[in-house]
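Visitor: Would you mind keeping the following structure in view while I ask a few things?
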């Protein structure tokens, strides 16, 4: 990790759930991990063949989150406006999605594609919510060319 980020890094680190990033942030309260919704979405997309109804329900919620982000980008919204819009529009969607995933989790075998998708999303849930209250953080890190995007606090 030293080649990517200096040891004294402080701020928000947006990544997928690759363990090396979590290890870097472990025991560093000055580092906040922000998750990548696109990585979580991909797992549900892969589970569509197994349970299309459930997968589509989840994917529709995620699509609604991306519509909010698209609107904010079109408006060239400031970080403050992004936080406010996300609090009003995105937080309720994420809250519903978390409740649904928690209810659905015991209905799927852990090794099934849907079981893996749900377990993955719930295991990184706090990091998937960071963007709600950090207006400079994106919903995902896909545009960062597969590199973590470090943002100051």
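Visitor: Regarding residue 83, is this residue buried (at least 17 other Cβ atoms within 10 Å of the Cβ), outside any loop (DSSP other than H, G, I, E, B), modelled with pLDDT of 95 or more and at negative phi?
Guide: yes
Visitor: Hey, another quick one. Just one of 34, 55 is modelled with pLDDT of 90 or more, under 18 Å from residue 122 (Cβ atoms) and buried (at least 17 other Cβ atoms within 10 Å of the Cβ); which is it?
Guide: Exactly one of 34, 55 is modelled with pLDDT of 90 or more, under 18 Å from residue 122 (Cβ atoms) and buried (at least 17 other Cβ atoms within 10 Å of the Cβ), namely 55.
Visitor: Tell me the residue from 144, 123 that is under 17 Å from residue 40 (Cα atoms), at pLDDT 90 or above, out of contact with any helix residue (DSSP H, G or I) (no Cβ under 9 Å at 6 or more places or on another chain) and surrounded by 12 or more Cβ atoms within 10 Å (Cβ to Cβ), please.
Guide: Just a single option satisfies the conditions, and that option is 123.
The values are calculated or read from the model by the stated rules, or taken from the named source; none is laboratory data. Keep in mind that this is a model prediction, so the values were computed, not measured. FYI the Cβ positions are ideal-geometry reconstructions off the backbone, even for glycines, and counts take in every protein chain you see.
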